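Each value in this text was obtained by applying a stated rule to the coordinates, not by laboratory testing. Note that the structure is predicted; figures quoted are calculated from it, not measured. Using ideal geometry, Cβ is built from the backbone for each residue, glycine included, and neighbour counts are taken over all protein chains shown.
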Amino acid sequence: MTSPVDLGPGSFAEHTSLRVGGVVGTWIVARTEAACIEAIVECDDLGRPALVLGGGSNVVCSDAAFDGTVVQVAPMGITTVDQEGLLRIVSAAGEEWDELVLRSLAAGSAALAPLSGIPGLVGASPIQNVGAYGAEVSDYLVSVRVWDRTGRSVQELSAQECGFGYRTSRFKQELDRFVVLEVAFDLPVDESVCVSYPQLASAVGVDVGASADGVRVREAVMELRRSKGMVLDEHDRDTWSVGSFFVNPIVSDAVARTLPDECPRFSTPSSSDEVKVSAAWLIAASGIDPGFQLSESGARVSTKHTLAISNTGSATCEDVLELARWMRSCVADRFGVELVAEPRLIGCTL
Ligand SMILES: Cc1cc2nc3c(=O)[nH]c(=O)nc-3n(C[C@H](O)[C@H](O)[C@H](O)COP(=O)(O)OP(=O)(O)OC[C@H]3O[C@@H](n4cnc5c(N)ncnc54)[C@H](O)[C@@H]3O)c2cc1C
């Protein structure tokens, strides 16, 4: 067994994409399943706070010190097996999500191409059911192997047991109970993929609902994502963010009817009397422009996308939260719709 690597004290600002947050008592990089479990069990036995992290791209961490242990889940390994027209791809939690997308394309499946370029690790992908351009991981996820901190055992959860919804899952409802160790997907063996998202269809040059070559879809997605500051790039401070700061609100039909016709609406498969509306549009229409900054704040609205809050280089967590509160109150005052944060807030509230 490889021992966990104790990095000693580090800070959330050094290890997260938003680059804010205080000093952490102990930072452990656990490179095997056994090391992950050992580190977590040790904390649980001692009653010491333990936070499980992947790549740190969807967390907003308090400026205050965290007097506990961060366990970065880092086991590696991807296996692919072609079984009767389906590609079974099993990945350890510590693999980069985008590496999994590339591996699946190379193995003959284009299914994950719309999810290209999403930062973070495979182990975090089921937590908020990551999604983009009309696809989400729950479309293909078969099972998740976890360490259950309540039952103190390794378990295999089926997709159904994960309780997936729009940017949510059982892992968000039962926060911190499960440590994801491995994720399995079944992907159709097909080098093209159906393009259901209008902006992507137009970028690829096909009709909505038509199929397109997976490599072409990936290129178009990466181009679109870069233009919105949604691909991590240390030289582009718009990407010093958590991606979208707010989820698209799901509102009742009655509320949706009060919104201007121009507000983009998306279907919600789970309900016919609810509508998902565009948070980016609501923010822009409530008077917040790209690049907007409160005075003396190191945080700003991304210059490329009104849904992202970026660190200009000097932001504190409090700067980020203050701007998020401002955006939320502008939208509530103008449209009566409450924006809800997408990232996990650690040691702080909005
Ligand atoms: C520029 C940018 C663009 C983005 N674009 C998208 C997008 O298009 N779609 C989208 O859905 N998201 C997007 N995100 C958000 C983010 O990339 C995803 O949520 C990603 O899955 C987070 O992965 P991570 O490994 O960085 O998770 P972390 O930030 O490390 O953790 C996120 C949450 O998951 C938990 N967690 C992490 N790993 C594990 C594990 N192994 N077991 C149990 N719990 C765990 C953490 O405790 C935390 O609550 C974007 C972020 C950025 C910065």
Task: Approximate spin-label separation ARG177-SER314, in nm, with each point projected 7 Å along Cα-to-Cβ - done: 4.5
Open item on the list: Test of understanding: what is the full-extension gain from VAL208 to SER153, defined as 0.36 nm times their sequence separation minus their Cα-Cα distance?
Closed with: 15.3 nm
TODO: Quickly work out the LEU350-to-PHE266 label distance, labels modelled 7 Å from Cα along the C-beta direction, and quote it in nm with one decimal.
DONE: 1.5
Task: Debye intensity ratio I(q)/I(0), log10, region 232-310, q values 0.15, 0.18, 0.22, 0.23 Å⁻¹ (C-alpha model) - done: -0.60, -0.77, -0.96, -1.01
TODO: Normalising by the residue count of region 51-98, find the relative contact order in percent from Cα pairs under 8 Å and 6+ residues apart.
DONE: 34
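About the Cα centre of the chain, how large is the charge dipole given +1 on each Lys and Arg Cβ and -1 on each Asp and Glu Cβ? Please answer in debye to the nearest 20. Let's see the in-between values first.
Working: 27 positive and 47 negative charges, 96 e Å.
My answer is approximately 460 debye.
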- [ ] Of the options GLN128, GLY336, ILE40, report the single residue whose Cα projects farthest towards the positive end of the charge dipole of the chain (beta-carbon charges: Lys, Arg +1; Asp, Glu -1).
- [x] GLY336
- [ ] Taking the Cα centre of region 78-191 as origin, sum charge times position over the Cβ atoms of Lys and Arg (+1) and Asp and Glu (-1), and report the length of that vector in debye to the nearest 20.
- [x] 500
TODO: Report the one residue of VAL242, CYS263, SER252 whose Cα lies farthest in the direction of the positive end of the charge dipole of region 216-267 (charges on C-beta: Lys and Arg +1, Asp and Glu -1; origin at the Cα centre).
DONE: SER252
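Starting from the Cα-Cα distance between VAL142 and ALA64, subtract it from 0.36 nm times their residue separation and give me the gain in nm to one decimal.
Full extension of this stretch gives 24.2 nm more.
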Task: Which of LEU53, GLY68, SER17, positive extreme of dipole for region 5-73 (C-beta unit charges) - done: SER17
TODO: List the trypsin sites (Lys or Arg not before Pro) within region 113-210 that fall in a DSSP loop (any state other than H, G, I, E or B) and whose Cβ has at most 15 other Cβ atoms within 10 Å.
DONE: ARG152, ARG177
Open item on the list: Given points 7 Å out from each Cα along the Cα-Cβ axis, report the MET222 to THR258 separation in nanometres with one decimal.
Closed with: 4.5
Task: Formal net charge of residues neighbouring TRP147 (Cβ-Cβ distance under 11 Å; K, R +1; D, E -1) - done: -1
Task: Neighbourhood net charge (11 Å Cβ-Cβ; Lys/Arg +1, Asp/Glu -1) for ASN129 - done: +1
Task: Share of alpha-carbon pairs per 10 Å distance bin for the chain, given as whole % - done: 5, 24, 33, 27, 10, 1
Task: MRE, 222 nm, helices only [DSSP H, n ≥ 4, -39500 (n - 2.57), over the chain, to nearest 500] - done: -7000 deg cm²/dmol
Open item on the list: Nearest 5 percent is fine: what portion of the DSSP beta bridges confined to the chain is antiparallel?
Closed with: 75
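Can you give the charge dipole size of region 1-145 about its Cα centre, rounded to the nearest 20 debye, using +1 on the beta carbon of Lys and Arg and -1 on the beta carbon of Asp and Glu?
Computed charge dipole of region 1-145: roughly 160 debye.
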TODO: For region 237-330, state which GluC sites (Glu not before Pro) are in a DSSP loop and have at most 11 other beta carbons lying within 10 Å of their beta carbon.
DONE: GLU262, GLU296
Task: region 237-346: relative contact order in percent, alpha carbon pairs under 8 Å with at least 6 residues between - done: 33
Task: Value of relative contact order over the chain, rounded to a whole percent, pairs C-alpha under 8 Å and six or more apart - done: 15
Task: Largest-first principal axis extents of the Cα set of region 5-73 (Å) - done: 29, 22, 18
TODO: Pick out which of GLY131, GLY25, GLY47 has the largest mean-square fluctuation in a Gaussian network model of the chain, springs linking Cα atoms closer than 10 Å.
DONE: GLY47
